[in-house]
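To start, the structure under review is shown below, and the notes come after it.
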Amino acid sequence: MSAAKPLPAVDYLKLPEGGEPYLEGYKCKACGAVFLGERTVCSKCGARDALAPQKLGTKGKLYAYSIVHRSFPGVEVPYISAIVDLEGGGTLKGNLINIEADPAKLKFDMPVEVVFKDAGRKDREGNSYMAYFFEPRRA
Amino acid sequence: MGDVYVVGIDMTKFQKAGTGPAVDVLGAKAALGALDDCGLKIQDMQALYCGNLYQASGMVGQRILQQIGQTGIPVVNVANACATGATAFREGWAAVKAGLYDTVLAVGVEKMSAGLLGGGGSGGISKEGLFGSSTMPAVFAEAGMEHSRKYGTTFEQFAKVSVKNHHHSTLNPKAMYQIETPLDMVMGAEMIAYPNTKLMCSVNVDGSAAAVLMSEKKVKELGLGKRAVKVRASVMTSDPWQERDLVMPDVNTCTRLAAKQAYEMAGIGADDIDLIELHDCFATAEILHYENLGICKDGEAGKMIDTGAVALGGKVPVNVSGGLLSKGHPLGATGIANIFEVVTHLRGEAGKRQVEGARFGLTHVIGLGSACGIHILEKVA
């Protein structure tokens, strides 16, 4: 197989032809709730057909985390499982990288940035995948 | 409408995951125990509500009747994650409350395997460890860290929950473990997902629990009032929308909602509760629920564990059975096993771990995804 274009590892990660990767949320025009991925009904207020796609921001703050030391076979540990609130709405879960996995180094609300990289995993057909990660960001 | 009572109840001794008998035989054991506890027979039961998660499509309730008596009664099999047992109990309660039946049996049973729960995925590549962790220890660690960010709750305070619950289980012969785990042992155990160490994760076990529920009229008719325990509230909620729902299951809002409704239904307040069996699937979770159930103000949960208010002998003992952390957590059985513990105390039959003078007890479970079940029980005799 030639160097095929990577696939998005989650369906709300968009890889536009010739453009930068981004994450797509759906925002409810009735109540303002932001969701990851496409949907037609808002589960906050029940509004129908009030959801519109919007590009999610790439800047956020660390809301909560865990440092994972035991995972499934083949998963490299330790790593930081992070919950990040994005500027402009939306909350993501992902790996926080390029910082020591040490509670003393992690501060609630520390600024982070969403970065896009190869997932480092391939499926059975040999396809590669694009994923998102969080990195510390200077405020 | 008359009240509904628990007249018979039992649970098996929880045992290491995978070592128990087949699921129907295991469920039958608790069912027979509950019948014996009130001196009734399977022929006296008008319906069976059976909770089991891992064989949810396997007609477990009918298979239990195939072990103990095929009387032709209606059987309802339910699955509701870790709230499965409480859901089976509540369905039985609702049917009796509605006047459909006078006497029903509720059974919760689970056979488990060892290891991490959660983290499953489908299609493409595995997401575990790529977009954070979906394993249960990490999910509940993150919920605990949310409490830390709000109130400064420490690793040590979370660890103290395990010290307490493991201590309690030394007094409970039906618990999986009867071992003391001092603070340094809990904090020094293998880190699974910070701040949860191995000793701060619930134990996967095989086990079952069963209860016979009865109408007030029938209790009087059969003269079973002496050991009957009244169900003062039975409540179930699902998770109302929260902004971080999609990535961070919220066990707080559904618990608060259920607790409010349960206290209203019972006509009592959190201050009236004498003991609580709550869903300590991880040590971090227990801390959250002191506040969610209203036994302390928001931000005071750390103080509750520091002062011993939630230990046996304290103001409101929590998880004197040893909890899911040490008694064990057979998913579908847990909701009824918690009720077994509270009923045993209200009857004054809890031996060394008896909460003296207990009149009101509360049970709480969470099925992630989410379901919250709360029951309030009252000693009447």
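What follows is calculated from the coordinates using simple rules that are stated; it is not laboratory data. Computed from a predicted structure; not experimentally measured. Glycine gets a Cβ as well: all are built from the backbone with ideal geometry, and neighbour counts include every protein chain shown.
When the helices of chain B are scored as -39500 (n - 2.57) per DSSP H run of n ≥ 4 and the total is divided over every residue, the value at 222 nm lands at -10500 deg cm²/dmol.
Under a Cβ-Cβ cut-off of 12 Å, what is the net charge of the residues other than B:Gly85 that fall near it, where Lys and Arg count +1 and Asp and Glu count -1?
Net of charged neighbours comes to -2.
A Cβ-based charge dipole, computed about the Cα centre of the protein assembly as shown with Lys and Arg at +1 and Asp and Glu at -1, lands at about 320 debye. Placing a label point 7 Å from the Cα of B:Glu221 along the Cα-to-Cβ direction, the residues of segment B:1-24 whose backbone N falls under 18 Å from that point are B:1-8. Cys residues of chain B that find no other Cys beta carbon under 4.7 Å: B:Cys38, B:Cys50, B:Cys82, B:Cys201, B:Cys281, B:Cys296.
Report the calculated FRET efficiency for B:Ala381 and B:Gln43 (r = Cβ-Cβ distance, R0 = 22 Å), to the nearest 0.05. Given R0 = 22 Å and the Cβ-Cβ separation, E is 0.25.
Since only A:Ile97, A:Ser128, A:Gly25 are under comparison, the one whose Cα sits farthest along the positive direction of the charge dipole of segment A:7-136, derived from C-beta charges on Lys, Arg, Asp and Glu, is A:Gly25. Dipole size of segment A:7-136 about its Cα centre, with +1 on Lys/Arg Cβ and -1 on Asp/Glu Cβ: approximately 400 debye, rounded to the nearest 20.
Each part reduced to its alpha carbon centroid, segment B:333-369 and segment B:231-309 end up 15 Å apart.
Show which lysines lie in cross-link reach of A:Lys44 when reach means a straight Cα distance below 16 angstrom and same-chain residues fewer than eight apart are skipped. Within the straight-line cut-off, A:Lys44 pairs with A:Lys27, A:Lys29.
Computed from phi, the 3J(HN,Hα) profile of segment B:229-236 under the Karplus parametrisation 6.51, -1.76, 1.60 (θ = phi - 60°) reads 10, 7, 8, 8, 8, 9, 9, 9 Hz, with x in place of Gly and Pro.
Pull up the DSSP beta bridges for the protein assembly as shown and report the antiparallel fraction as a percent, rounded to 5. Let's see the in-between values first.
Details: 79 of 95 bridges.
Just about 85 percent of them are antiparallel.
Screening chain B for whole DSSP H helices with an alpha carbon extent of at least 24 angstrom along the helix axis and a mean Kyte-Doolittle hydropathy of at least -0.5 yields nothing. Rounded to the nearest whole Hz, the Karplus-based 3J(HN,Hα) values (6.51 cos²θ - 1.76 cosθ + 1.60, θ = phi - 60°) of segment B:316-330 follow the sequence 9, x, 10, 6, 5, 6, x, x, 5, 5, 10, 5, x, 9, x, with x at glycine and proline.
In this rough spin-label picture, where each label sits 7 Å from Cα along the Cβ direction, the A:Asp118-B:Glu156 distance is 4.7 nm. Counting every alpha-carbon pair across segment B:277-361, the share separated by more than 21 Å comes to 27%. Put simply, the amide H of B:Gln15, placed in the peptide plane, has neighbours under 5 Å in B:Asp206, leaving out anything fewer than 5 places away on its chain. Taken as Cα centroids, segment A:55-73 and segment B:1-73 sit 42 Å apart, rounded to the nearest whole angstrom.
Across the protein assembly as shown, what fraction of all alpha-carbon pairs, as a whole percent, falls in each successive 20 Å bin from zero upward? P(r) over the protein assembly as shown, rounded to whole percents: 23, 51, 24, 2, 0. Close amide H contacts of A:Gly89 (hydrogens built in the peptide plane, cut-off under 5 Å, sequence separation of 5 or more or a different chain): none are found. Here the alpha carbons of chain A define both size measures, Rg and Dmax, at 16.5, 47 Å.
Relative to the present Cα-Cα distance, how much length would full extension add between B:Ser57 and B:Asp36 at 0.36 nm per residue of separation?
So the extension gain works out to 4.7 nm.
A crude spin-label estimate for the pair B:Asp272 and B:Lys260, with each label 7 Å from Cα along the Cβ direction, gives 1.9 nm. Between B:Gln242 and A:Ala47, the modelled label-to-label distance comes to 2.4 nm, taking each label 7 Å out from Cα in the direction of the beta carbon.
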